[in-house]
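The values are calculated or read from the model by the stated rules, or taken from the named source; none is laboratory data. Just so we're clear, the structure is a prediction, and the values are computed from it rather than from any experiment. We place every Cβ from the backbone using ideal geometry, glycine too, and count neighbours over all the protein chains shown. Side chains included, ligands, DNA and RNA excluded: accessible areas come from the protein's heavy atoms. Shrake-Rupley method; radii C 1.70, N 1.55, O 1.52, S 1.80 Å.
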Amino acid sequence: MPSKLPSILLIGGGRMGSALLAGWREQGLSQAVVVDPSPEAAKLAGPGVIVVRTPGKIPDGFTPGAVVLAVKPQMAAEALPAYARYEGSAVFISIMAGKTVHAIAQLIGRQAPIVRAMPNTPAAVRQGITVAHACHHVSAHQRALADALLAAAGQVAWVEDESQLDPVTAISGGGPAYVFLLTELMEQAGLDQGLPPELARQLARQTVIGSAALLAASDEEPAQLRINVTSPGGTTAEALKLLRADDALPKIFREAIQAATERSRVLSA
Ligand SMILES: NC(=O)c1ccc[n+]([C@@H]2O[C@H](COP(=O)([O-])OP(=O)(O)OC[C@H]3O[C@@H](n4cnc5c(N)ncnc54)[C@H](OP(=O)(O)O)[C@@H]3O)[C@@H](O)[C@H]2O)c1
């Protein structure tokens, strides 16, 4: 079956870039060029994929259908102008946090078709969620290409209003960190209660992993799954009573997400 993926020019083969590339390979990627100066990037080469250190080494005649921008945002001004030559032929998909469509267009061309996307790290295991916004220069065909490329890392949702990427960044971009923090806190609490370190670690990890799997497999809402664990007057109820007393946990969580959203707005300005 022919691949539905276009030929891809990937700029930056680091954590996120290489996770995307792994997903594209699974989807039957036929041709990609990766530009990345770091020596580790060389290991990304394989069937249909070549790795070059500079844009000048991109093979003559290579015409990407999509250019994926996966360098750190602070490298954008230096890295992006070299790819302005693809403005008329490729859709640009940026995963750079906080770089607006406007800022990217200033570096590659005002008419450039740009999709700005926010993935998250579970992309590394094809369990990510990416939220994307297409500027008005992106055609329906290019949007479909972008959707197919981003879907290789997990689920994809689209927003019409670019400013919604700020709360998206706070929720799903940073979300894995909150879940990992919870895992750390559960392990520490287990140690504080006298559990052996290996067991405390195992309990915290497998409880998070198992709960996520249950959520994925169940038709029930998280609130119902929580209620299912909570017998009236029991041990879980006792813990939840403390966690939710005086709106403490909901309040700190709301404030934390608001702070992250605000930080995203400041970084995007
Ligand atoms: N990680 C996340 O959770 C996450 C989530 C959403 C979005 N993002 C976005 O994804 C992007 C990549 O993040 P990452 O975590 O994958 O970073 P990373 O691991 O540092 O990857 C960036 C790669 O780009 C390379 N690079 C540097 N200058 C370059 C240039 N001029 N041309 C081509 N490649 C160049 C770097 O090489 P050197 O190491 O040699 O500099 C590195 O291999 C960022 O813009 C970030 O905002 C990340």
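When +1 charges are put on Lys and Arg Cβ atoms and -1 charges on Asp and Glu Cβ atoms, the dipole computed for the chain relative to its Cα centre reaches about 700 debye.
Here r is the Cβ-Cβ distance between GLN202 and THR235 and R0 is 22 Å; the resulting FRET efficiency, rounded to 0.05, is 0.65. Here the chain carries DSSP beta bridges of which approximately 15% are antiparallel, counting only pairs with both residues inside.
Is the shape of the range 42-157 best called rounded, prolate or oblate, per the rule: a/c under 1.5 gives rounded, else a/b larger than b/c gives prolate, else oblate, with a ≥ b ≥ c the square roots of the Cα gyration tensor eigenvalues? Mind dumping the intermediate values first?
Details: a/c = 1.38, a/b = 1.07, b/c = 1.29.
In terms of gyration-tensor shape, rounded.
Using the Cβ-Cβ distance between GLN27 and ILE50 with R0 set to 30 Å, the FRET efficiency from 1/(1 + (r/R0)^6) comes to roughly 0.95.
Could you work out the longest stretch of the chain that avoids the GluC sites (Glu not before Pro) located in DSSP loops with at most 13 other Cβ atoms within 10 Å? Provide the component values of the computation, followed by the final result.
Values: sites that count: GLU160, GLU220.
That would be 1-159.
Per atom type, the range 122-227 shows carbon and sulfur on 61% of its accessible surface, probed at 1.4 Å. Whole-Hz Karplus values for the range 20-32 come out as 4, 4, 4, x, 5, 4, 4, 8, x, 3, 9, 8, 8 Hz, taken residue by residue from phi with 6.51 cos²θ - 1.76 cosθ + 1.60 and θ = phi - 60°; glycine and proline positions read x.
Quick check on the chain: helices-only [θ] at 222 nm, where DSSP H runs of length 4 and up contribute -39,500 (n - 2.57) each and the sum goes over total residues. Nearest 500, please. All intermediate terms of the calculation are to be shown ahead of the outcome.
Values: 10 runs with 118 residues, N = 269.
Result for the chain, helices only: -13500 deg cm²/dmol.
Based on the alpha-carbon gyration tensor of the chain and its eigenvalue square roots a ≥ b ≥ c, which shape applies: rounded if a/c is under 1.5, prolate if not and a/b is larger than b/c, or oblate? Walk me through the numbers before you get to the answer.
Values: a/c = 2.32, a/b = 1.92, b/c = 1.21.
Prolate shape, in that a/c is at least 1.5 and a/b is the bigger ratio.
Peptides 140-149, 47-56 ordered by packing proxy, namely the average of other Cβ atoms within 10 Å per residue, highest first: 140-149, 47-56.
The residues of the chain expose on average 57 square angstrom of accessible surface per residue, using a 1.4 Å probe on protein heavy atoms.
Taking a point 7 Å out from the Cα of SER163 in the direction of its Cβ, the residues of the range 88-127 whose backbone N falls within less than 19 Å of it are 98-104, 116-118.
Mean sequence separation of contacting Cα pairs (under 8 Å, at least six apart), scaled by the length of the chain, corresponds to a relative contact order of 14 percent.
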